[in-house]
Amino acid sequence: MKLKDVCIKGTSNIRQKDVNDSGRYPVYGAAGPVGFMNSFQYDEPYVGVVKDGAGIGRATYLPSNSSIIGTMQALIPKKNVLPKYLYYAVSSMHLEKYYSGATIPHIYFKNYKHERFVLVSKKEQEQIIWRFSLLEKMISNKQQQLLKLDELIKARFVEMFGDPISNKKSWKKRLLNDLVDKIGSGATPKGGKESYQDHGISFIRSMNVHDGYFNYKDLAYINSTQAKQLSNVIVQSQDVFINITGASVARSCIVPDDILPARVNQHVSIIRCKSDVLNPIFINNLFLNDSFKRILLSIGLSGGATRQAITKKQLEMLKIILPPISLQNEFANFVHQVDKSKFENIVYLNKTLLNKILSQIGDVIRD
């Protein structure tokens with residue numbers, strides 16, 4: 001069956017400024033609810049697909065009596081398909097492959113409406129939905145465990161070092177520039193994304209750098225010639241990445257060794273610690289601390305421009321607390337122990353639950 005045979009396209013001209021906090025019915029955007037209105041577009045459950053901008057192609061199951069903003073596409077199920085089954089089918093299609101446009105990517109229903117999938121009876125759809133829903137609950141529980149482990153690390157940081165801004169523990173403060181061997185960002189190779197390779201030297205972009213973890217999705221690669229042109233931003237083990245421009249400004253993580261050799265583009269800065277005075281795990285968790293994060297974000301907005309940015313000079317002049325390296329190392333050992341538990345949870349998610357879902361989607365929904 002083709003997608004166009006089980007749903008019809010719904011559109012929206014609702015803008016972000018049209019919604020408010022006091023309406024009765026929710027309005028959804030790419031990242032979830034964006035506000036409310038006193039009327040709604042759709043009175044039955046449906047599927048929302050991000051059609052413009054970040055997250056393009058991502059599908060979301062949306063409730064009855066709700067609306068979407070103009071950057072979303074509604075797929076309204078016909079009588080032959082259950083809304084939740086349609087959601088699982090669309091989620092398995094990787095619609096982002098249909099995108100066009102360089103500055104603001106977008107996808108159109110006319111391009112992906114011919115996507116094929118298996119349409120079983122309503123009774124079988126209900127059984128499949130039940131199985132998938134059960135797996136989703138199991139995944140959600142594991143994800144909650146991961147969040148609790150992240151909170152445990154944050155709490156341990158505050159317990160050992162206090163609030164890094166108020167500094168009630170009276171630690172010495174030093175300029176970041178005095179404690180590192182390198183602060184620097186790179187550039188995009190000539191030809192932009194069209195010049196990226198399927199394999200080669202990893203090329204780190206801001207989309208890969210998230211708070212506390214590296215996102216491998218859409219990791220780009222460049223060839224040795226392009227890499228030589230970026231020899232000033234060779235990534236080394238234990239480097240800390242921090243995003244310095246755009247909406248993801250101030251996100252930070254430590255480089256995973258399995259992506260090396262690597263380079264970074266102009267939106268990501270490398271911070272390389274002097275190992276005798278500054279532990280990379282300590283400085284990364286300093287960047288993740290809520291109080292310090294607010295400082296970084298305020299710096300990013302301080303230029304008054306339309307695009308958030310933190311300059312190299314501003315990073316160099318950051319004043320940070322400097323506990324003894326022995327205490328920093330003690331904290332890093334604690335993080336390593338917690339990370340082992342996180343790794344076990346992630347392996348379970350990837351190898352057990354996610355593979356089950358993917359295999360069942362592949363076996364049941366896709367041709």
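What's the number of the only condition in (1) within 22 Å of P26 (Cα to Cα); (2) of a type outside the set (G, A, S); (3) open to solvent by less than 40 Å² (accessible area, probe 1.4 Å) that P63 fails to meet?
The single condition P63 does not satisfy is (3).
Please go through the range 154-172 and give me each residue that is surrounded by fewer than 14 Cβ atoms within 10 Å (Cβ to Cβ) and aromatic (F, W, Y), ordered by number.
none
Does D258 satisfy being closer than 26 Å to L149 by Cα and outside any loop (DSSP other than H, G, I, E, B)? Lay out the reasoning, then the answer.
Numbers: closer than 26 Å to L149 by Cα: yes; outside any loop (DSSP other than H, G, I, E, B): yes.
Judged against the criteria, D258 is a match.
Could you list, in sequence order, the residues of the range 32-54 that are open to solvent by 30 Å² or more (accessible area, probe 1.4 Å) and either in contact (Cβ under 8 Å) with a residue 60 or more places away in the chain or under 23 Å from N111 (Cα atoms) (or both)?
Result: K51, D52, A54.
For the range 125-133, check the following and say yes or no: at least one residue is within 30 Å of T71 (Cα to Cα) and open to solvent by 50 Å² or more (accessible area, probe 1.4 Å).
No, the range 125-133 has no match at all.
Show me the helices (runs of 4 or more DSSP H) entirely contained within the range 282-367 in which 3 or more residues are at pLDDT 80 or above and touching a strand residue (DSSP E or B) at 6+ places or on another chain (Cβ under 9 Å).
In the range 282-367, the matching helices (runs of 4 or more DSSP H) lie at 290-301, 312-316.
Out of everything in the range 173-221 that is under 14 Å from A262 (Cα atoms), of a type in the set (S, T, N, Q) and in contact with a helix residue (DSSP H, G or I) (Cβ under 8 Å, 6 or more places away or on another chain), what residue ends up being most open to solvent (accessible area, probe 1.4 Å)?
Per the criteria, the residue is S185.
Say whether the condition of being β-branched (V, I, T) and over 21 Å from K79 (Cβ atoms) is met by at least one residue in the range 127-138.
No, the range 127-138 contains no residue that is β-branched (V, I, T) and over 21 Å from K79 (Cβ atoms).
Evaluate the following for I68: is it within 24 Å of the chain's Cα centre (by Cα) and under 17 Å from P26 (Cα atoms)?
Working: within 24 Å of the chain's Cα centre (by Cα): yes; under 17 Å from P26 (Cα atoms): yes.
Spelling it out, I68 is indeed within 24 Å of the chain's Cα centre (by Cα) and under 17 Å from P26 (Cα atoms).
Kindly list, by first and then second residue, each pair from a residue in the range 248-262 that is among the polar types (S, T, N, Q) to a residue that is outside any strand (DSSP E or B), limited to pairs with Cβ atoms under 6 Å and residues at least 6 apart or on different chains.
Between residues of the range 248-262 that are among the polar types (S, T, N, Q) and residues that are outside any strand (DSSP E or B), the close pairs are S248/S206; S252/N284; S252/F287.
All but one of (1) part of a loop (DSSP other than H, G, I, E, B); (2) under 15 Å from H267 (Cβ atoms); (3) free of Cβ contacts under 8 Å to residues at least 60 places away in the same chain hold for T188, so report the exception by its number.
Checking T188 against (1) part of a loop (DSSP other than H, G, I, E, B); (2) under 15 Å from H267 (Cβ atoms); (3) free of Cβ contacts under 8 Å to residues at least 60 places away in the same chain, the one that fails is (3).
Quick one: in the range 252-279, of everything that is touching an Asp or Glu at 6+ places or on another chain (Cβ under 7 Å) and of a type outside the set (A, V, I, L, M, F, W, C), which residue is least open to solvent (accessible area, probe 1.4 Å)?
Applying the filter and picking the extreme gives S252.
Exactly one condition in (1) over 25 Å from the mean Cα position of the chain (by Cα); (2) open to solvent by 50 Å² or more (accessible area, probe 1.4 Å); (3) in contact (Cβ under 8 Å) with a residue 12 or more places away in the chain is not met by I104; state its number.
Exception for I104: condition (1).
The values are calculated or read from the model by the stated rules, or taken from the named source; none is laboratory data. Predicted model only: the values in this text are computed from it and were never measured. All Cβ positions, glycine included, derive from the backbone under ideal geometry; neighbour counts span all protein chains shown. Just the protein is used for accessible areas: all its heavy atoms, side chains included, with ligands, DNA and RNA removed. Shrake-Rupley method; radii C 1.70, N 1.55, O 1.52, S 1.80 Å.
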